[in-house]
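Have a look at the structure below before the remarks.
Nothing in this text is a laboratory measurement; each read-out follows from the coordinates by a stated rule. Computed from a predicted structure; not experimentally measured. So basically every Cβ, Gly included, is an ideal-geometry build from the backbone, and we count neighbours across all protein chains shown.
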Amino acid sequence: MAAATCELTWLRQLLLQLKIGDIHETKLICDNQATLHIASNLVFHERTKDIGIDSHFVRENVLSGEITTDFVNSSNQLADVFTKSLKGRWIEYICNKLGAYDIYALA
């Protein structure tokens, strides 16, 4: 989440400097509920040991309102097509959701 937050912050600043659109908040979707709770709630932060600087960075952006977090089930995680070896209907489903298609398939 820290790397994604860093990229989102950079993109927000770029769009603001280029004066493209009116950016209010950016949604960061994650499939780990514990991470989402730590990022948004100080109580969970106090219960964890060895919390890193990355978690503080994400939490600051969430508390400032620049980034909102949302939960997605692992079964609906579209990023899996880029990080895991998928087969059959599951890869077809994800590629369809992403709007990707096989340019070599016969019409």
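Couple of notes before you dig in:
- At full extension, residue 77 and residue 14 could sit 20.0 nm farther apart than now, given 0.36 nm per residue minus the alpha carbon distance.
- Residues of the chain were split at every exposed loop site, defined as trypsin sites (Lys or Arg not before Pro) in a DSSP loop with at most 16 other C-beta atoms within 10 angstrom, and the longest piece left, sites excluded, is 50-83.
- Positive-end residue, the chain charge dipole about Cα centroid, Cβ charges, pick of 40, 90, 65: 90
- Dipole in debye (nearest 20) - the chain, about Cα centre, beta carbon charges: Lys, Arg +1; Asp, Glu -1: 200 debye
- Distant alpha-carbon pairs in the chain (separation over 20 angstrom), percent: 54 percent
- Amide H to amide H, with H built 1.01 Å from N, residue 28 comes under 5 Å of 68, 69, 70, counting only residues 5 or more places away or on other chains.
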